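Each value in this text was obtained by applying a stated rule to the coordinates, not by laboratory testing. A quick note: this is a predicted structure, and the numbers were derived from the prediction, not measured. Ideal geometry is used to build each Cβ from the backbone, glycine not excepted, and the neighbour counts take in all protein chains shown.
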Amino acid sequence: MRMGKLKRYVAVFVGVFLSVGYPKAYSSVVPTFNLPFKGEASGGNLILAKTRNRNVAYVSVQTSTGESAESVAQRLADTINAHHAEQNFRGGHYDPHWLWVGGYQVSASGSNLILPGTPENYITSGTEMGLGIPKPPMFLSCSYDKGKNEVALQWINPPDRYDFILVEGYWNDFDEQVTRLLPRESNTFRIERNKIPVDVNDLEFRVISLSDNIPSNAAAIHVSGGGHCQEETYGIPFTGGVAPNWATWSTAEKPDTAAFEQGEKYTNLRQSYNPARTLSTKPFYQVVKTPPSGAAHGVYRKFLSLTPGHTYRIIACISTLEMDSVKGDWAFSLHGTHNGAERKDLTIQQLSGLAALPDGRRGPQAGRIAYYHRGKTTKANHEIVFSGDKAASEVEDASHITLPADANTITVWVRFTCSDTNGKVGFSGIKLEDITASGNVKSPEQIMLEEHQEEAGFLTGIERMLRKESP
């Protein structure tokens with residue numbers, strides 16, 4: 001039965017993908033597929049997005065608890081068509097809710113949303129957890145294996161029911177790609193370097209789980225620096241309020257899932273496309289709100305299949321948002337460490353600073369990369385921080401992470417404690433750079449200048465467009 005389903009998937013992909021992947025115009029007959037929502041909605045924000053481009057185009061509807069799949073499919077179709085009608089009316093200005101070029105009208109048949117293309121053209125995300133939508137893969141990691149001359153991916157599969165794993169790789173500004181449908185047990189993928197006709201400085205990978213033609217959200221990673229830098233530079237909406245590749249942790253007996261949500265940085269700047277080439281220009285960021293009383297919580301992610309013995313630098317983008325107005329005690333910190341020879345997940349006690357890390361360091365400062373508290377904030381700005389910065393971490397032994405000869409995994413996490421129920425902080429993701437292999441390590445000053453210039457250029461483009469459109 002599974003082999004038969006695999007053959008059906010392959011037939012759809014081969015027969016439709018090459019001609020429809022991202023069409024410039026639609027003829028009267030458009031190859032389509034059915035996205036078959038199932039059962040009832042849990043209640044939340046349901047997002048349907050296109051997979052192409054660093055920042056994905058997307059539409060969303062707010063579902064209600066117990067709403068039928070038929071109702072959701074029809075409302076989503078109506079929402080997509082309305083956005084496209086508005087886009088055509090506006091004369092072609094960029095809109096992140098415009099999914100394709102041309103006049104194709106989406107329709108719904110029962111619980112099926114009838115879309116142009118194939119399942120690999122789309123992802124689903126948001127806070128809606130029902131309707132048969134599978135959970136996404138996690139902790140996607142990528143590196144260049146110089147010895148084998150291969151680009152290697154590894155990830156952790158979701159615990160949910162799903163049928164297959166889809167791997168997509170893009171280069172040349174998303175003009176070229178590789179697509180592979182893998183058996184559900186797969187958690188690695190390798191592509192020979194000679195099959196990628198560009199330098200390993202601008203690659204994008206997405207990994208998606210599929211269940212009965214319903215795609216999950218994407219685990220994503222951008223690769224630069226000759227294959228030695230892994231970057232979370234992309235604009236993909238969150239699942240369940242948590243950024244792609246990340247998971248929540250908490251010391252509370254009953255964790256507060258509502259304390260994690262998607263923040264949006266450029267809410268009023270929709271008139272220009274932002275390719276999110278840096279952490280500073282990502283459109284979405286992780287919001288972490290005050291944990292339950294007396295508890296600590298945050299988010300974490302692992303980087304897999306790293307090179308033993310190599311030293312890695314962590315670069316991150318952090319904001320304390322409006323914490324200057326909070327009068328009570330609070331602390332917000334970024335940490336990183338290797339997972340030891342056994343590669344076990346860190347425990348809640350280790351993430352919270354109550355138990356020694358695998359490298360032997362102890363206390364709340366163990367593994368600290370950056371540290372904010374009452375009296376030291378980002379002034380609502382988004383700041384770039386680096387491992388090895390003693391001033392930022394307020395730790396004398398602050399350093400990059402060097403893997404022992406028997407370890408190949410690094411865990412990075414943020415920790416937030418706060419006594420004010422109104423407290424919240426922001427985190428835009430990280431870059432992990434193999435500075436042993438890269439050979440040409442940029443200074444923190446160079447990186448911060450690049451981040452500043454990229455965001456300044458983006459905002460200048462917005463200003464020019466607004467001036468041009470003003471009467």
Quotient of Cα Rg and 2.2 N^0.38 Å for the stretch 381-471, N being how many residues it contains: 1.53
Spherically averaged projected area in nm², based on the convex hull that wraps the Cα atoms of the chain: 23.4 nm²
The chain - mean residue ellipticity at 222 nm from DSSP helices (-39,500 (n - 2.57) per run, n ≥ 4, rounded to 500): -5500 deg cm²/dmol
Compactness of the stretch 130-212, expressed as Rg and Dmax over alpha-carbon positions, Å: 13.6, 45
The stretch 401-441: translational diffusion in µm²/s, Stokes-Einstein, Kirkwood Rh over Cα pairs, 4 °C, 1.567 mPa s: 93 µm²/s
The stretch 180-287: translational diffusion in µm²/s, Stokes-Einstein, Kirkwood Rh over Cα pairs, 25 °C, 0.890 mPa s: 149 µm²/s
Which listed pairs, of Lys148/Lys431; Lys146/Lys442; Lys38/Lys254; Lys390/Lys424, have C-alpha distances above 27 Å, in listed order: Lys38/Lys254
Label point distance in nm, Ser186-Thr307, each placed 7 Å from Cα along Cα→Cβ: 2.6 nm
Spherically averaged projected area in nm², based on the convex hull that wraps the Cα atoms of the stretch 229-460: 12.6 nm²
Relative contact order of the chain, defined on C-alpha pairs under 8 angstrom at six or more residues apart (%): 14 percent
Euclidean distance of C-alpha centroids, the stretch 136-161 and the stretch 176-206, integer Å: 10 Å
Residue exposure sequence - Ser224, Ser393 - by fewest surrounding Cβ within 10 Å: Ser224, Ser393
